[in-house]
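Step one of this worksheet: look at the structure below.
Readers should treat all values here as calculations from the given coordinates under stated rules, not as data from a laboratory. Since this is a predicted model, take the numbers as computed values, not measurements. Methodologically, a virtual Cβ is constructed for each residue, glycine included, from the backbone with ideal geometry; neighbour enumeration extends over all protein chains shown.
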Amino acid sequence: MTRFAVLLALAAGAAALAGCADRGAAPANGPGAPAPAAAVTETIKVSGMTCGGCENSIKSSVAKLEGVREVQADHAAGRATVTYDPAKVDRAAIKGAIEKLGYKVEG
Ligand SMILES: [Cu+2]
């Protein structure tokens, strides 16, 4: 059972590295991590995403910013939803992280 769990973890890690070929999107943050009261949630329009791999690229990059609690991305809808602590990070930093990947942020 333990070995099986390790294999699952390795497979998930490999999938996360697969980029655009990866459609098995895992959430950037696990469920059950409550956002503190100070966090705000903002929906950002993003163009240029074409698949789940693009969503994962945005999720992993934005999640690395200090103060970001949760990131969701939807390539079909062309948007990312970010929950963050406004005392630690701002929309401009999030926008910059997304644009650095080659996607366009509206506004
Ligand atoms: Cu893609």
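Please label the shape of segment 40-106 as rounded, prolate or oblate, based on the square roots a ≥ b ≥ c of the eigenvalues of the alpha-carbon gyration tensor (a/c under 1.5 means rounded; beyond that, a/b larger than b/c means prolate, else oblate).
Taking the square roots of the gyration eigenvalues as a ≥ b ≥ c, segment 40-106 is prolate.
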Using the per-residue mean of other Cβ atoms lying within 10 Å as a proxy for protection, in what order, highest first, do the peptides 76-87, 59-70 fall?
59-70, 76-87
So, over other residues within a Cβ distance under 12 Å of Val62, counting Lys, Arg +1 and Asp, Glu -1, the net charge is +1
If you add up the charges near Glu106, with Lys and Arg at +1 and Asp and Glu at -1, over every other residue whose beta carbon is less than 15 angstrom from its beta carbon, what do you get?
+2
How large is the dipole of segment 40-106 about the Cα centre if only Lys and Arg carry +1 and Asp and Glu carry -1, each at its Cβ, rounded to the nearest 20 debye?
120 debye
Could you derive backbone 3J(HN,Hα) for segment 45-61 from the dihedral phi with the Karplus parameters 6.51, -1.76 and 1.60 (θ = phi - 60°), listing whole Hz in sequence and x where the residue is Gly or Pro?
7, 10, 10, x, 6, 10, 6, x, x, 5, 4, 5, 4, 5, 4, 6, 5
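Just add up the charged neighbours of Lys95: K/R +1, D/E -1, any other residue whose Cβ is under 12 Å from the Cβ of Lys95.
Details: positive: Lys45, Arg91, Lys100, Lys104; negative: Glu42, Asp90, Glu99, Glu106.
Counting the neighbours of Lys95, the net charge comes to 0.
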